[in-house]
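Okay, so here's the structure we're looking at.
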Amino acid sequence: MTAAAELGTTPPRAMRRDRWWARAWQDGVEPLLGFAIVIAAWQAGSSLSGVPKVLFPSPADVVWALLDLFNTGILVEYVKLSLLHYLTGVAIGALAGVALGLAIASNRRVSDLLMPLVNFTYAIVEVAWIPLLILWWGYGPSIIIVAVAYVVASPLVHNVVTGVLSVPPVYGRAIRSLGGGSWSVLREVTLPAILPSVFNGVRVGAGFGFRALIFAEMIAQQEGVGYLIFTSAATQQTARTVAGMVVMGVLWLFLDRVYLRPLERASVERWGLTSDAGER
Amino acid sequence: MTGRPKLQSALLGLTPFVALVLIWQVAPSVFSYPAYMLPTVSEVGRRFIELTLNGELARSVGASLLRLAAAFVVGNLIAIPLGVLLAMNARVSRIVMPVAVFLQAVAGIAWAPLAVLWFGLGNTAVTFLVVNSVFFSSFYNAISGVRSIPPVLWRAVRSLGASPWQVVRELVLPGAMVQLLLGLRTSLALGWRALVAAELIIGTNGIGFLMMDATKWYGTDTIICGIVVIGVLWLAVDRFVFAAIERNTVRRWGMVNDN
């Protein structure tokens, strides 16, 4: 037996392909097995350790809290509000980022002039603005939306500007020599060239934006899943806090896998210049 | 990129900062708003000097950076070896991966209420959040990095009779290196956000606490100082720490290929 086999490295796929039960186990059971192990260990730890429920609620407590939140309608309302804040923030951030990026990149001199400022604002994490926003606007949903929009917009500006500047000028000239105007250049050359990096930027920004959403909701202290997580612990309902965290994780994975990733992949397939883009 | 001399383009890049500062300075005489909302540049400058001279700024920045550095090192030292080891077994990695994905999605600031319950407000709770953030991000990236190595390479190494250590050194580390580096960078960015956020909400010292504390007495000048310092700190961390890490790991990787 070789050393690598002892380590249990990936066995050849072909060997397993004809055994349907092995595949069913691998695709259907194994992905859930990890969660089952974690939940079992958590339940055992919670009931055997004797730590008070306030400090260490068990999975069963969390499920009850989740059902309770669902039955009282709090869960649905807060998820709706969080999604509303989040989508508004992402939409504003994406539009502002692309518009600002295109404006800055429209002229080489302007972009040389403004890039250091753009890079500096990019370096300031969105959460750092929150104390200032609180002083300006008080605690409320506008802080949440601005924090999300900021974190989506700032890397996008950077992506759009570098994307536009990396397009060889010869393509634009080709369109112009064929009689196209600025609008045609934008539509036929610039946008297709930058869209994959725009969607990539949106997805990365949306990831950071989701954390910003939860944090801003915690600090704005009014509504949403972040508020649920924060306020429940303050009132000793720790199981609700953990339930809120589970909801947050599920919500983000849902948004990421169902919308953001397919969108990014589609943009790469449609407009991407890389030859291996279609293989995935 | 262009042939323009460096000094000239640096001066050009400074122009918008100067313009911004000028606009900000004259803004109160053009627009009317309560003075506490946006103190003038000179007031912010005076506050900055004050905070520097009384040592408050240095203490806060020091506390924050120390926590970030400790959390970054500890989090990665546990997460990367653990992730790589688990992912070297295909079945284990298939079982662990969904859990890693989920935990990475909730890592960081969402743990703040639990951290306060377990450790109370302050240093330990903040450090816990940053470690948590760094750990789950790097753990996920380590697993997905090892998993991204093509099966044919595993088979090649195995058929050549490599020892376990050789598998790690010749295949796993170089093969997962790009993703591991991405993991380091992402974990630092997430850790930094978690740090500032945690200090704002449950901290008792550090740059974030300095700013949040200032909201209680309308210290807009202090807050603006904090925002600028946070921007400059991140630029410095990103440039110096990351340039160094990337240089060293790539160099080490090169040495592995030389053997």
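The values are calculated or read from the model by the stated rules, or taken from the named source; none is laboratory data. Predicted, not measured: the structure shown is a model, and the values here were computed from it. Here the Cβ positions follow ideal geometry from the backbone for every residue, glycine too, while neighbour counts run over all protein chains shown.
Structure summary
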{"item": "Qualifying helices (runs of 4 or more DSSP H) (wholly inside segment A:127-190; at least 3 residues being surrounded by 18 or more Cβ atoms within 10 Å (Cβ to Cβ))", "result": "A:130-137, A:141-165"}
{"item": "Entirely in segment B:109-171, the helices (runs of 4 or more DSSP H) that have 3 or more residues that are over 22 Å from B:GLY83 (Cβ atoms), in contact (Cβ under 8 Å) with a residue 40 or more places away in the chain and more than 17 Å from the chain's Cα centre (by Cα)", "result": "B:112-119"}
{"item": "Exclusive hit being closer than 30 Å to B:VAL196 by Cα, buried (at least 16 other Cβ atoms within 10 Å of the Cβ), more than 13 Å from every other protein chain (Cβ to nearest Cβ) and not β-branched (Val, Ile, Thr), set A:TYR122, A:TYR86", "result": "A:TYR86"}
{"item": "All positions within segment A:100-117 that are in a helix (DSSP H, G or I) and either farther than 23 Å from B:LEU235 by Cα or at the interface with chain B (Cβ under 9 Å from one of its Cβ atoms) (or both)", "result": "A:LEU102, A:ALA103, A:ARG108, A:ARG109, A:ASP112, A:LEU113, A:LEU114, A:MET115, A:PRO116, A:LEU117"}
{"item": "Any hit, segment B:13-22, residues being in a helix (DSSP H, G or I), touching a Pro at 6+ places or on another chain (Cβ under 6 Å) and of a type outside the set (D, E, K, R)", "result": "yes"}
{"item": "Failed item, numbered, when B:LEU233 is tested on (1) at pLDDT below 90; (2) surrounded by 15 or more Cβ atoms within 10 Å (Cβ to Cβ); (3) at the interface with chain A (Cβ under 10 Å from one of its Cβ atoms); (4) assigned to a helix (DSSP H, G or I)", "result": "(1)"}
{"item": "Top-ranked residue of segment B:102-121 - restricted to ones that are more than 7 Å from chain A (Cβ to nearest Cβ) and more than 17 Å from A:PHE230 (Cβ to Cβ), ranked as modelled with the lowest pLDDT", "result": "B:GLN104"}
{"item": "Residue list for segment B:211-230, filter: over 23 Å from A:ILE214 (Cβ atoms) and either at the interface with chain A (Cβ under 7 Å from one of its Cβ atoms) or crowded, with 21+ Cβ neighbours inside 10 Å (or both)", "result": "B:ALA214, B:TYR218, B:THR220, B:ASP221, B:THR222, B:ILE224, B:CYS225, B:VAL229"}
{"item": "Breaking point among (1) small (Gly, Ala, Ser); (2) on the phi > 0 side of the Ramachandran plot; (3) touching a residue at least 24 places away in the same chain (Cβ under 8 Å), for A:GLY179", "result": "(3)"}
{"item": "Residue match in segment B:36-57 (condition: surrounded by 12 or more Cβ atoms within 10 Å (Cβ to Cβ), part of a loop (DSSP other than H, G, I, E, B) and more than 10 Å from every other protein chain (Cβ to nearest Cβ))", "result": "yes"}
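So that you can scan it fast, the table gives a plain yes or no per residue for (1) free of Cβ contacts under 8 Å to residues at least 60 places away in the same chain; (2) over 26 Å from B:VAL130 (Cβ atoms):
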| site | (1), (2) |
| --- | --- |
| A:PRO168 | yes, yes |
| A:ARG187 | yes, yes |
| A:ALA212 | no, no |
| A:ILE219 | no, no |
| A:GLY224 | no, no |
| A:MET245 | yes, no |
| A:TRP252 | yes, no |
| A:ARG261 | yes, yes |
| A:ARG265 | yes, yes |
